[in-house]
Amino acid sequence: MARYTGPRLRIMRALGVQLPGLSRKQWDSRKAYPPGMHHGRHRKKLSVYGTQLMEKQKLRFNYGLGEKQFRRFVKMSFQKRGNPGENLLQFLERRLDNAIFRAGFAPTIPAARQLIVHGHIRVNGKRVNKPSFLIKQGHELALSEKAKKFAHVEAALENPAINRPAWLGVADGGKSASVIALPDRESVPFPVEINSIVEFYSK
């Protein structure tokens, strides 16, 4: 499945949760219901499968992954020792595009991905242009000199979309960051029932 490029607020309203990685926009509080002409009044109660699917979609859309990519991370999570759900969340949080977003270098994950593929991100002093690159504890993340002058980067640094997580330390006025620990389940900035996702892929 191709990466989603449609209306982002519509997705967040359908899932009933604000996804900071997808968009900085907030939906109107007067429209706190799923999209559609009947305002969600005629929707049936979600089945167990429907609930599991919705929880999975939260992660997919927030981190900007296609189904094939997401399944690859799920497979890695089951293969790694430990709790598959927590492993999955850690893998997703460790993606370079997410780390750049969480460090405050970009307003959203799609914007962070653009910085990366255009060669504006350095990891331990070396250019990395793969958004899926998995960061490790001890890695140093920095913007290129050119990227530091971009208006949208300066705006993101002045007004981060969400608070920087405890596992990232910042320096150089916020223009560089260090991975001081690995992210955990509490690092995900929105509510998600990870056990439902594990059950969804355990079938």
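Quick grid of which residues meet (1) surrounded by fewer than 20 Cβ atoms within 10 Å (Cβ to Cβ); (2) closer than 26 Å to S23 by Cα; (3) of a type outside the set (K, R):
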residue	(1), (2), (3)
T51	yes, yes, yes
M54	yes, yes, yes
G64	no, yes, yes
K75	yes, no, no
R81	yes, no, no
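Any idea which residue in region 106-131 is surrounded by the fewest Cβ atoms within 10 Å (Cβ to Cβ), counting only those that are among the hydrophobic types (A, V, I, L, M, F, W, C), in contact with a strand residue (DSSP E or B) (Cβ under 9 Å, 6 or more places away or on another chain) and not in a loop (DSSP other than H, G, I, E, B)?
Taking region 106-131 and keeping what is among the hydrophobic types (A, V, I, L, M, F, W, C), we get 106, 109, 111-112, 115-117, 121, 123, 128.
Adding the requirement that they be in contact with a strand residue (DSSP E or B) (Cβ under 9 Å, 6 or more places away or on another chain) leaves 109, 112, 115, 121, 123, 128.
Of the ones still in play, those that are also not in a loop (DSSP other than H, G, I, E, B) are 109, 112, 115, 121, 123.
On the way: I109: 27, A112: 27, L115: 25, I121: 27, V123: 20.
Among those residues, the one meeting the criterion is V123.
For region 35-77, which positions are among the hydrophobic types (A, V, I, L, M, F, W, C) and either at pLDDT below 90 or assigned to a helix (DSSP H, G or I) (or both)? Before you say what the answer is, go through the steps one by one.
Taking region 35-77 and keeping what is among the hydrophobic types (A, V, I, L, M, F, W, C), we get 37, 46, 48, 53-54, 59, 61, 65, 70, 73-74, 76.
Residues satisfying the conditions are M37, L46, V48, L53, M54, L59, F61, F70, F73, V74, M76.
When residues of region 175-203 are filtered for being out of contact with any helix residue (DSSP H, G or I) (no Cβ under 9 Å at 6 or more places or on another chain) and aliphatic (A, V, I, L, M), how many remain?
Number of matching residues: 2.
Just a yes or no: is a residue in region 87-102 closer than 21 Å to A161 by Cα, outside the structural domain of R13 (by TED's automatic domain parsing), part of a loop (DSSP other than H, G, I, E, B) and at pLDDT 95 or above?
So far as region 87-102 goes, no, none of its residues is closer than 21 Å to A161 by Cα, outside the structural domain of R13 (by TED's automatic domain parsing), part of a loop (DSSP other than H, G, I, E, B) and at pLDDT 95 or above.
Just one of K136, K203 is in contact with a strand residue (DSSP E or B) (Cβ under 9 Å, 6 or more places away or on another chain) and basic (K, R); which is it?
Exactly one of K136, K203 is in contact with a strand residue (DSSP E or B) (Cβ under 9 Å, 6 or more places away or on another chain) and basic (K, R), namely K136.
The values are calculated or read from the model by the stated rules, or taken from the named source; none is laboratory data. Predicted model only: the values in this text are computed from it and were never measured. In this analysis, Cβ positions are derived from the backbone assuming ideal geometry, glycine residues included, and neighbour counts consider all displayed protein chains.
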